[in-house]
Amino acid sequence: MKACDAKDGVEDGILGDPRQCKFDPAVLQCQGTGGDDCLSAQQVDTVRKMYQGVDTADGRTAAVPLLPGGEPDWLLRSVGNEKMKLGLNSLLGAPFISYLVKKDPNYDLFSFDPNKDVEEAERSFARREIAATDADLGPFFRHGGKLILWHGFNDPGPSPVQTAKYYEEVAAKAGGAIDDRARLFFVPGVYHCRGGPGPDKFDALSALDDWVEKGTAPARILASRADRKLSRPLCPYPQLARYSGSGDQSDAANFTCAGP
Ligand SMILES: [Ca+2]
């Protein structure tokens, strides 16, 4: 946060565009004997993998990069605690792999080898049933459908990087710009569905209703917080919220949506 917070022009504990934050955790590596306030070489390597993602030797995606800013929630999701040794993600990931892919309730998740097992997971019936990766929304669009996608920029589970990729794939399938049919809103500083330092309360349903019923495409969606004064516009991808340079930094009125 120290390295990147000010890049968006506002020091507020929120990364307006975490994709622009290039942070190498090596600066936190322990010198000498180490301690609780630094990372071992192994831990630095792990954090780098979280930021960079993991690909298999044959080019499959094993893990999509997570964006800087959501690290506090990694503790719950991916690091774990006394009650959940592998973290919250493993509550989903371990049964998925053990029961549905390996069909072995005693399967040891630590034996998972991306170079062998990702391909097997992709072939599994569970993946075919669950994965929503088809980018051809042609029938939906021809029917007059409107789509609002949103994703917390600091989601520590499913990565927003994948959602941006999916949106681009839908556009490519449709043959060009789709912002008259589908818009994607990233929510800065927000974790999985809610939580985090960002504004996580907003009404995407009314925005969708106005779009369908009145033909008014959402140029921005107003977001706020329940626990303190903070409002910001959510901007349609690839636009980002920009501070005007003057006025209250916790008031959406002083931000505009502009190209990256
Ligand atoms: Ca900031």
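Below 30 Å, Cα to Cα, which lysines can residue 85 reach? Residues fewer than 8 away in the same chain don't count.
2, 22, 49, 102, 103, 116
Cysteines of the chain lacking any other cysteine beta carbon under 4.7 Å?
193
Just flag the GluC sites (Glu not before Pro) in segment 56-150 sitting in loop per DSSP whose Cβ has no more than 11 other Cβ atoms within 10 Å. Each step should come with its number before you reach the end.
Working: sites: 82, 119, 120, 122, 129; in loops: 82.
Taking segment 56-150 and a limit of 11 other Cβ atoms within 10 Å, the loop GluC sites (Glu not before Pro) found are 82.
Arrange the peptides 226-237, 154-165, 170-181 so that the one whose residues have, on average, the most other Cβ atoms within 10 Å appears first.
My ranking of the peptides, most packed first, is 154-165, 226-237, 170-181.
Using heavy-atom solvent-accessible surface (probe 1.4 Å) with all chains present, what is the largest-first order of 1, 50? The partial results should precede the final answer.
Values: 1 100, 50 45 Å².
Most to least solvent-accessible, the answer reads 1, 50.
Between the alpha-carbon centers of segment 125-175 and segment 223-258, tell me the distance in whole angstrom.
So the separation of the two Cα centres works out to 25 Å.
Starting from the coordinates of the alpha-carbon atoms of the chain, obtain the Kirkwood hydrodynamic radius over all distinct pairs and give the value in Å to one decimal.
Details: mean 1/r = 0.0490 Å⁻¹.
With all distinct Cα pairs of the chain included, I get 20.4 Å.
Lysines within cross-link reach of residue 146: Cα-Cα under 23 Å, excluding same-chain residues under 8 positions apart?
Straight-distance partners of residue 146: 165, 173, 201, 214.
Hey, any idea what Rg/Rh is for segment 160-260, computing Rh the Kirkwood way over Cα pairs?
Values: Rg = 14.2 Å, Rh = 14.5 Å.
For segment 160-260, the value is 0.98.
Restricting to DSSP H runs of at least four residues, report the calculated mean residue ellipticity at 222 nm for the chain, -39500 (n - 2.57) per run over all residues, nearest 500 deg cm²/dmol. Write down the numbers at each step before the final one.
Values: 8 runs with 71 residues, N = 260.
So the helix-based figure for the chain works out to -7500 deg cm²/dmol.
Long-range amide H contacts for residue 249: which residues qualify at under 5 Å (H placed 1.01 Å from N, peptide plane, sequence gap of 5 or more or a different chain)?
none
The values are calculated or read from the model by the stated rules, or taken from the named source; none is laboratory data. Since the structure is predicted, the reported quantities are computational estimates derived from the model, not experimental observations. Note that we place each Cβ from the backbone using ideal geometry, even for glycine, and neighbour counts take in every protein chain shown. In case anyone asks, the SASA skips ligands and DNA or RNA and just uses the protein heavy atoms, side chains included. Shrake-Rupley method; radii C 1.70, N 1.55, O 1.52, S 1.80 Å.
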